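Below is one structure, written out as structure tokens; the observations come after it.
Laboratory data are not the source of any read-out in this text; all were calculated from the coordinates shown. Just so it is clear, the structure is predicted and the values come from calculations on it, not from any experiment. Note that we place each Cβ from the backbone using ideal geometry, even for glycine, and neighbour counts take in every protein chain shown.
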Amino acid sequence: MIIVDTSVWIDFFRGKNSVQQKTLCRLIEEEEELALTEIICTEILQGIKQDKDYKKVKAFLLDFPIYQPKGTETYLNAAQIFRDCRKKGKTIRKTIDCIISAICIENDQAILHNDSDFDFIETCTALKCFKT
């Protein structure tokens, strides 16, 4: 199972020709097991302007498994991720990335992303980034 980050889904839906978007297309074509987190689903859907597109994308995304935080423990782990990265000289720009990372680590899932913060988190924690 690979959790696909918002950054890759945005490239996918916009048709942006990135390495990660091509990888996602290949993984979908190969019927690889892909997943989201609840917050990734929220981030994607909140950016869609047209109701018709919103309904279509929502239905598409809900076909994938969606991981949830395990409760307070997830948020404590996310705070520790932020702190560990800061101690090593990098301040993660978005708390959401720490939460997504915590969910990936808790569920032993790799993340496919297009966001350099995840690469740095990987160097400081047990996060596994899917290599394209």
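The table below lists the values:
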item	result
10 Å-binned pair-distance histogram of segment 36-96 (Cα, whole percent)	19, 36, 28, 16, 1
Within segment 17-132: Cβ-based charge dipole about Cα centre, in debye rounded to nearest 20 (Lys, Arg +1; Asp, Glu -1)	540 debye
Packing-based ranking, highest mean first, of 84-91, 64-71, 21-28 given that Cβ atoms within 10 Å are counted	21-28, 64-71, 84-91
Per-pair calculated FRET efficiency, R0 = 30 Å: LEU45 and ARG83 via Cβ, rounded to 0.05	0.50
Segment GLU33-THR91, extension gain: residue separation times 0.36 nm, minus the distance between their alpha carbons	17.7 nm
Computed lengthening from TYR54 to MET1, 0.36 nm per intervening residue step minus Cα-Cα distance	16.6 nm
Neighbour net charge for ARG26 - beta-carbon separation under 15 angstrom, K R +1, D E -1	-4
Cleavage-rule hits, trypsin sites (Lys or Arg not before Pro), segment 37-67, DSSP coil, Cβ neighbours within 10 Å at most 10	LYS49
Qualifying lysines (Cα of each under 19 Å from Cα of LYS22; at least 8 residues distant if same chain)	LYS131
Over segment 15-90, relative contact order from alpha-carbon pairs under 8 Å, at least 6 apart, %	30 percent
Principal axis dimensions, segment 14-132 - Cα atoms, whole angstrom, descending	44, 29, 24
Cα centroid separation, segment 24-39 to segment 62-76 (Å)	17 Å
Likely footprinting exposure, SER7, SER18, SER101, fewest C-beta neighbours within 10 Å first	SER18, SER7, SER101
Efficiency of FRET from Cβ geometry, CYS25 and LYS128, R₀ 25 Å, rounded to 0.05	0.75
